[in-house]
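One structure below.
The values are calculated or read from the model by the stated rules, or taken from the named source; none is laboratory data. Computed from a predicted model, the values in this text were never measured in an experiment. Here the Cβ positions follow ideal geometry from the backbone for every residue, glycine too, while neighbour counts run over all protein chains shown.
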Amino acid sequence: MGKKKTFFFSAVILVVFFSFWELVSTLQWVNPLFIPPFSKIVRSTFNMLIHKNLLNDIATSAGRAAAGTVLAVVFGVPAGLVLALPYRALKTVLGSFTDVLSQVNPFILFHILILFLGIGEEVKITIVVWSAVWPIMFNTASGIEDSDRLLFKAGRAFGGGRLVFFRKIVLPAAAPKIFSGIRIGAGYSLFMLIAAEMMGGKSGLGWQILNYQSSFQIESIFSAALVIALLGIVFDGVILGIQKICLRGQE
C-alpha cells in the first residue's frame with residue numbers, strides 16, 4: 001500500500017508540474033519562444049523519433065553509458081572489497097588515495113584524456129567509468145564494513161574456502177549497498193556522458209543538443225532533454241529490476 005501511495009503522489013506532482021508548465025507558456029506568462037508549451041515538446045519529440053535520427057543517438061548514448069557502467073562495476077566492486085579489508089595501514093593509504101582521486105573533476109580529466117586518447121569512444125567511456133566507479137567502490141566498501149560480523153564468523157565456522165565464503169556470505173550481505181552505488185553511478189554516468197558528447201563528439205544526444213543550440217531549435221533542445229530524463233529513468237528501472245532478481249532470496 002505504501003508503494004502505491006508513493007506512486008500516486010508522484011504521478012499527481014508530475015501532472016501538476018507539467019500542467020502548470022503548459023499553462024504559463026500557453027498564456028505567455030513566460031516567453032514561449034524560450035519555454036515552449038509542454039504539449040509542443042511532446043509532439044516535437046515524437047516527430048524527431050519518427051522523422052530524424054534521434055533513435056540512433058539514443059542507442060549510441062545508451063550503449064556508451066551501459067558499457068561504462070558495466071566496466072565501473074567490474075572495477076569498482078573488487079576495489080571496494082580491497083578497501084574494506086581489515087588492515088588499518090592498508091585502509092589508511094588506500095582510503096587517502098581514493099579520496100583524493102574521487103575529487104578529480106571529470107571535465108578536467110576529459111581535456112587531459114583527449115591529449116592521449118583523442119576524441120573517440122575511448123575517452124567518452126573512460127569519463128563514464130570514472131564518474132560511476134567511485135560511488136560503486138565506496139558503497140561496496142561501506143556495505144561490507146556495515147555487515148553483521150556475526151554472520152561472517154558463522155560463515156567461517158562452516159568452512160568452504162575464501163571464494164565460497166566471499167560468494168555465499170560477503171557479497172549477499174553487501175549486495176543492497178552495492179546496488180545502491182550502481183544506481184547512483186549509472187545516473188552520474190549518463191549525465192557526464194551527455195556533457196562529454198557536447199564537449200567532443202560527432203554522435204549521441206549531447207552532440208545533438210549542441211547542434212540544436214547552435215541553430216536555435218529550442219523545442220528540439222527540450223525534446224532531447226526529455227529523452228535524456230526518460231533514459232535515466234529506464235536505466236534506473238533496469239538496475240532496480242536486476243537488484244530485485246538478485247536479492248529475491250533475501251526479501
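The selection criterion, being among the hydrophobic types (A, V, I, L, M, F, W, C) and modelled with pLDDT of 80 or more, holds for residue 128. Number of residues in the range 81-121 that are more than 30 Å from residue 60 (Cβ to Cβ) and part of a helix (DSSP H, G or I) equals 16.
Listed conditions (1) of a type in the set (A, V, I, L, M, F, W, C); (2) assigned by TED's automatic domain parsing to the domain that holds residue 239; (3) under 27 Å from the mean Cα position of the chain (by Cα) are all met by residue 90, apart from (3).
Within the range 193-227, the set of residues being within 16 Å of residue 46 (Cβ to Cβ) and under 17 Å from the mean Cα position of the chain (by Cα) comprises 225, 226, 227. Just the residues that are more than 15 Å from residue 137 (Cα to Cα) and in a helix (DSSP H, G or I), please, taken from the range 188-206. Residues satisfying the conditions are 190, 191, 192, 193, 194, 195, 196, 197, 198, 199, 205, 206. Within the range 17-69, the set of residues being of a type in the set (Phe, Trp, Tyr), in a helix (DSSP H, G or I) and under 21 Å from residue 212 (Cα atoms) comprises 38, 46. If you go through the range 126-145 and pick out every residue that is out of contact with any Gly (no Cβ under 6 Å at 6 or more places or on another chain) and not acidic (Asp, Glu), you end up with 9.
Can you pull out every residue in the range 207-251 that is aromatic (Phe, Trp, Tyr) and not in a helix (DSSP H, G or I)?
216
You will find that of 39, 102, the residue that is among the small types (Gly, Ala, Ser), exposed (fewer than 14 other Cβ atoms within 10 Å of the Cβ) and more than 23 Å from the chain's Cα centre (by Cα) is 39 and no other.
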